[in-house]
There are 2 protein chains.
Amino acid sequence: MADKITPRSVDYSQWYIDIILNAKLADYSPVKGCMVIRPRGYAIWERIQAELDKRFKETGHENAYFPMLIPMSFLKKEAEHVEGFAPELAVVTHGGGEELDEPYCIRPTSETIIWAKYKDWIQSWRDLPLLYNQWANVMRWEKRTRLFLRTAEFLWQEGHTAHETREEAEAETMRMLEVYRSVAEQHLCLPVVAGVKSETEKFAGAVRTYTIEAMMQDKKALQAGTSHFLGQNFAKAFDVQYQNREGKLDHVWATSWGVSTRLIGAVIMTHSDDKGLVLPPSLAPEQLVIVPIVKKDTQAAVLAYADKLLAELKGVGVRAKLDADDSASPGWKFAEWEMRGVPLRMEVGARDLEAGKCVLVRRDTGEKLVVSALEAAAKARELLDAIQQNLLEKARSFREAHTVPVADFEGMKAFFGLAGEDLAGAEAAKGGFAEGLWCGSATCEASLKQATKATLRCMPLDRQDDIHGNCCLCGAPAKHRAIFARNY
Amino acid sequence: MADKITPRSVDYSQWYIDIILNAKLADYSPVKGCMVIRPRGYAIWERIQAELDKRFKETGHENAYFPMLIPMSFLKKEAEHVEGFAPELAVVTHGGGEELDEPYCIRPTSETIIWAKYKDWIQSWRDLPLLYNQWANVMRWEKRTRLFLRTAEFLWQEGHTAHETREEAEAETMRMLEVYRSVAEQHLCLPVVAGVKSETEKFAGAVRTYTIEAMMQDKKALQAGTSHFLGQNFAKAFDVQYQNREGKLDHVWATSWGVSTRLIGAVIMTHSDDKGLVLPPSLAPEQLVIVPIVKKDTQAAVLAYADKLLAELKGVGVRAKLDADDSASPGWKFAEWEMRGVPLRMEVGARDLEAGKCVLVRRDTGEKLVVSALEAAAKARELLDAIQQNLLEKARSFREAHTVPVADFEGMKAFFGLAGEDLAGAEAAKGGFAEGLWCGSATCEASLKQATKATLRCMPLDRQDDIHGNCCLCGAPAKHRAIFARNY
């Protein structure tokens, strides 16, 4: 199996694709830029969904569903919004055999269709807040696509909330960013930097965009989720006014926030290795696979032993599976299940049976432990927790090792390499997160991007105190501390 | 509240719409034929989904996700399929600002895009069976739409399975029909007739279509779910062959099966009354609402008492809610929660507190019970089970009372009334399920439809023995027993 996976050092992009195709997480489709999510990939999405949905409901949100088609005229009501999304639209011009009076686009995001309805539902402060979320497919016609990370159609959730005051809407924006941060770290083992986007990088139609940014193994940044404070922009565009507690009419304040199937790509890229997929136990379809090592004369006894262990593992809530297929060798199975990312392997043979023991092997470290059958289930649970913790720590250490303060433009060029260079080979070796002071000018961002392809990923929320010094890009007095990186 | 709901006797269609809009289950949208599913409607869908998804997984199925766009050429590969769906397609002609080389349609159903991928994934009998399900939105450009029952876009699940043999595929078709039947009856309290469709009414591309048919309160039939045996039609259209156990190439056998958000409409129409929505406890967002009856001097004590009862109800797993809003009267709340379909109401006032009692009121029968606070939670659970049972039985009795054997064409005309008659007023009073013998001829079906608008809903699976006699439509020797009805 492992030989099907191109090593990262040879071709990082191919390594990523090889893992997805061989672990049967997703596949290409006959529709340009669209993928098929296969059952083993979809099972990961279901676990991400379940965790997020639970947290959304705990924070008072309800799910709803809005039409996937949006009249083109709606998109045009918010000027920045249409400018941002127009180039990426899929357009429906015919329905039921006839040309439509007004074309529809397939939703690239749903602010416009949702705010058109909020106008009907919001009259007074008593109708607020509206805390709605939608699980849906969306479509953005991307030229360059990559499985999970960037596809024309993708699955996501989009929260759309309406509030009485600016303060409430801002608090909601931060609350949901924190939900994303904690799910990313606790559930997906993705350490993330929470920060604010620059004006250049913010969502089309937002007042401010907050983001969580993760670092992949090639040291590029990946935007893993965003939470937008929309101010009164959409309320004004769709004329959504409410009678406030003083009896006066005022425009409603809004947020929106989303994460997508892109998170699956982030998980794959962050944890996997040259043997294949590595998954956090929280997301793995199977958390443990038992591989029996059998010879003809002991087969029945070893399988009975394995069955007993399987029952005990299930009894303590471990998602365990016994691979009793006798057409494949244990060695083939080891490699196959490693490639598929099962966090723990249990090996049981005749000698283990005699000794009342079994072998546990960690996918993340390769560590082997011989444990007594009596404590095997408890030990497996303990190891799964340890793996969950280790994956997060390992990724955090990697990010910290590749987060570097950079003082000036020359430093940036040295850190990232130049945009024009052929970086195919060296790409994985260069770069990381460059941390620097910034004056706030979009011109500086553009210069850096042109020279190095790096962009301003965010201004970390917890690093904005005591800004003294000069912009690392132009030397003018700085206003913010920012993280720059190449990105997905 | 109740006065917002048009009585069934005045206008049955308006009654249905009034309930949906007033109970905030769904709303119209600015997109032609598409609805918005509001949180209280979506919560019902989530419970239907959860139950179905559990049963699909218990029967060995996995979820996957395929592109929502389908190349138009794919649809044309199965002749009956394209003929059936072509008139209802929404067509995407432009993407990313450019006209597409080949237009895509938005999936009306996914057989074609899925079988195009099955060709890549199936080589040998070892790859079979594939037991996949997809939760998705689909689009069929309908001219006449009705909230939940028929909308251009709707949410559904579609199972698509591939098998080695005809027998296996036929068994799968029946297995999933049985899953639908039991979820409809146990979970949605919808008694259904399970049967086979005629050639005229079967799915475009199927060899045989099985259906579950429910009767609404206006005695029309509603097709609540279908399971299709597709034979080798799609395998041949997409050239999906596998090496069988004898080493020979053979086409794969297929099934597909689906239910949709239409089920929500069926639940509303089957159980509700002139006061508003009636919901099975299994689907109700709140199963019980506590309405405190307070006066100034006893307010604190009564609310504390209500809180204690609320905690006990939640403790035994009842989804309970306390309506402590003091801006509305108890009477207003009674009507409001009845309109919203909460199965049980608990009333607590100062006298109840003194006596250590409370009042429970059933939504389905209006029955009032005074119970001791000590046994209130247990009694509530018991009543919820009784309501669940009663709704099913009541609907079954209604259907049985309106299922009538009909011997000849004149009888059919008398039973259904004539197609040309103005049935606006009498519509709800006429018809039902006419059970009759049938010769198997599509001409007979067409004659009946033209004369009365009634169609052949299905040939009930458990009523096909001992067919002796003549077709109730033409008098020729009969081959089947069938149910005829007007339908949604």
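The values are calculated or read from the model by the stated rules, or taken from the named source; none is laboratory data. The structure presented is a predicted model; accordingly, all values stated were derived computationally and were not measured. Every residue, glycine among them, receives a Cβ derived from its backbone with ideal geometry; neighbour counts consider all protein chains shown.
Points worth noting:
- Of the set (1) touching a strand residue (DSSP E or B) at 6+ places or on another chain (Cβ under 7 Å); (2) buried (at least 24 other Cβ atoms within 10 Å of the Cβ); (3) not in a helix (DSSP H, G or I), all apply to B:Cys189 but (1).
- Residue in the range B:413-435 that is more than 28 Å from B:Ser9 (Cβ to Cβ) and in contact (Cβ under 8 Å) with a residue 24 or more places away in the chain present: no
This table checks each residue for (1) under 19 Å from the mean Cα position of the chain (by Cα); (2) within 20 Å of A:Tyr180 (Cα to Cα); (3) touching a residue at least 60 places away in the same chain (Cβ under 8 Å); (4) outside the structural domain of A:Glu153 (by TED's automatic domain parsing).
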site	(1), (2), (3), (4)
A:Ser9	no, no, yes, no
A:Ala23	yes, no, yes, no
A:Ala26	yes, no, yes, no
A:Lys54	yes, yes, no, no
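- Filter pass, A:Ala482 being within 22 Å of A:Ala194 (Cα to Cα), at pLDDT 95 or above, of a type in the set (Gly, Ala, Ser) and surrounded by fewer than 14 Cβ atoms within 10 Å (Cβ to Cβ): no
- Considering the conditions (1) surrounded by 24 or more Cβ atoms within 10 Å (Cβ to Cβ); (2) in contact with a strand residue (DSSP E or B) (Cβ under 7 Å, 6 or more places away or on another chain), B:Val207 is excluded by exactly one of them, (1).
- Scanning the range A:336-357 for residues that are closer than 17 Å to A:Ser372 by Cβ and of a type in the set (Asp, Glu) yields A:Glu347, A:Asp352, A:Glu354.
- Taken as a whole, the condition of being crowded, with 20+ Cβ neighbours inside 10 Å, more than 14 Å from chain B (Cβ to nearest Cβ) and modelled with pLDDT of 95 or more does not apply to A:Tyr42.
- Of the residues making up the range B:111-128, those that are without any contact (Cβ under 8 Å) to a residue 60 or more places away in the chain and either at the interface with chain A (Cβ under 8 Å from one of its Cβ atoms) or surrounded by fewer than 21 Cβ atoms within 10 Å (Cβ to Cβ) (or both) number 5.
- Residue check, B:Thr145 in contact (Cβ under 8 Å) with a residue 12 or more places away in the chain, within 14 Å of chain A (Cβ to nearest Cβ) and closer than 26 Å to B:Arg399 by Cα: yes
- Subset of the range A:273-287 [buried (at least 23 other Cβ atoms within 10 Å of the Cβ) and within 18 Å of A:Gln14 (Cβ to Cβ)]: A:Gly276, A:Leu277, A:Val278
- Of the residues A:Gly205, A:Gly231, A:Gly195, the single one that is of a type outside the set (Lys, Arg) and touching a Cys at 6+ places or on another chain (Cβ under 7 Å) is A:Gly195.
- Filter result for B:Ala254 (small (Gly, Ala, Ser), in the same structural domain as B:Val192 (by TED's automatic domain parsing) and assigned to a strand (DSSP E or B)): yes
- Residue in the range B:347-369 that is touching a Cys at 6+ places or on another chain (Cβ under 6 Å), surrounded by 12 or more Cβ atoms within 10 Å (Cβ to Cβ) and free of Cβ contacts under 8 Å to residues at least 60 places away in the same chain present: yes
- Only one of A:Val183, A:Val192, A:Val240, A:Val179 that is under 23 Å from A:Lys77 (Cβ atoms), in the same structural domain as A:Pro71 (by TED's automatic domain parsing) and touching a helix residue (DSSP H, G or I) at 6+ places or on another chain (Cβ under 7 Å): A:Val240
- Output for the range A:64-90, where each listed residue is within 10 Å of another protein chain (Cβ to nearest Cβ) and either more than 25 Å from A:Gly205 (Cα to Cα) or surrounded by 19 or more Cβ atoms within 10 Å (Cβ to Cβ) (or both): A:Ala64, A:Tyr65, A:Phe66, A:Pro67, A:Met68, A:Leu69, A:Ile70, A:Pro71, A:Phe74, A:Leu89, A:Ala90
- The residues of the range B:102-141 that are of a type in the set (Asp, Glu) and more than 29 Å from the chain's Cα centre (by Cα), listed by number, are B:Glu102, B:Asp120, B:Asp127.
- Looking only at the range A:257-274, residues that are in a loop (DSSP other than H, G, I, E, B) and either under 10 Å from the mean Cα position of the chain (by Cα) or of a type in the set (Val, Ile, Thr) (or both) come to 1 in all.
- Only one of A:Gly84, A:Gly97 that is at pLDDT below 95 and farther than 30 Å from B:Glu88 by Cα: A:Gly84
- Identity of the residue in the range B:148-165, more than 9 Å from chain A (Cβ to nearest Cβ) and of a type in the set (D, E, K, R), that ends up surrounded by the fewest Cβ atoms within 10 Å (Cβ to Cβ): B:Arg150
- Residue in the range B:96-111 that is among the aromatic types (Phe, Trp, Tyr) and part of a strand (DSSP E or B) present: yes
- Test: residue in the range A:225-237 that is hydroxyl-bearing (Ser, Thr, Tyr), touching a residue at least 24 places away in the same chain (Cβ under 8 Å) and part of a loop (DSSP other than H, G, I, E, B): no
- Verdict on A:Glu99 being farther than 24 Å from A:Leu155 by Cβ, surrounded by fewer than 17 Cβ atoms within 10 Å (Cβ to Cβ), more than 7 Å from every other protein chain (Cβ to nearest Cβ) and under 30 Å from the mean Cα position of the chain (by Cα): no
- The requirement of being touching a residue at least 24 places away in the same chain (Cβ under 8 Å), out of contact with any His (no Cβ under 9 Å at 6 or more places or on another chain) and closer than 25 Å to A:Pro285 by Cβ is fulfilled somewhere in the range A:159-180, by at least one residue.
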